[in-house]
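Visitor: Structure provided below as structure tokens; questions to follow.
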Amino acid sequence: MSYGVKLIVGLIGTAFLCVFIGGLSQSISSGFAGFYGGLPFMIIAIVVCGAAIYDFWDECVRKK
């Protein structure tokens, strides 16, 4: 796959993942669980999104 296609597809996929996980975390925190009940999931969501962004950078942006 070419560098440009890899960059665009990786960016779109990573953005969709982070928006979905962020929305899920916000929904849990503002819903029945409340902020403190949703806090563990929010921390996990931040770590997962950070790992996804790092993997995007490692696979698509950084030239090996």
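Visitor: Grab the Cα-Cα distance for VAL47 and MET1, subtract it from 0.36 nm times how many residues apart they are, and report the gain in nm with one decimal.
Guide: Between VAL47 and MET1, full extension yields an extra 13.7 nm.
Visitor: Ok, one more. Could you calculate the contour length gain from PHE32 to ARG62, that is, 0.36 nm times the residue separation minus the distance between their Cα atoms, to one decimal place in nm?
Guide: Extending this stretch completely gives an extra 6.6 nm.
Visitor: What whole-number value in Å² describes the accessible area per residue of the chain for a 1.4 Å probe?
Guide: 73 Å²
Visitor: Where does helix 34-56 land angle-wise versus the long Cα axis of the chain, in degrees 0 to 90, nearest 10?
Guide: Helix 34-56 and the main axis of the chain meet at about 0 degrees.
The values are calculated or read from the model by the stated rules, or taken from the named source; none is laboratory data. Since the model is a prediction, treat every value here as computed from it, not as a measurement. Just the protein is used for accessible areas: all its heavy atoms, side chains included, with ligands, DNA and RNA removed. Shrake-Rupley method; radii C 1.70, N 1.55, O 1.52, S 1.80 Å.
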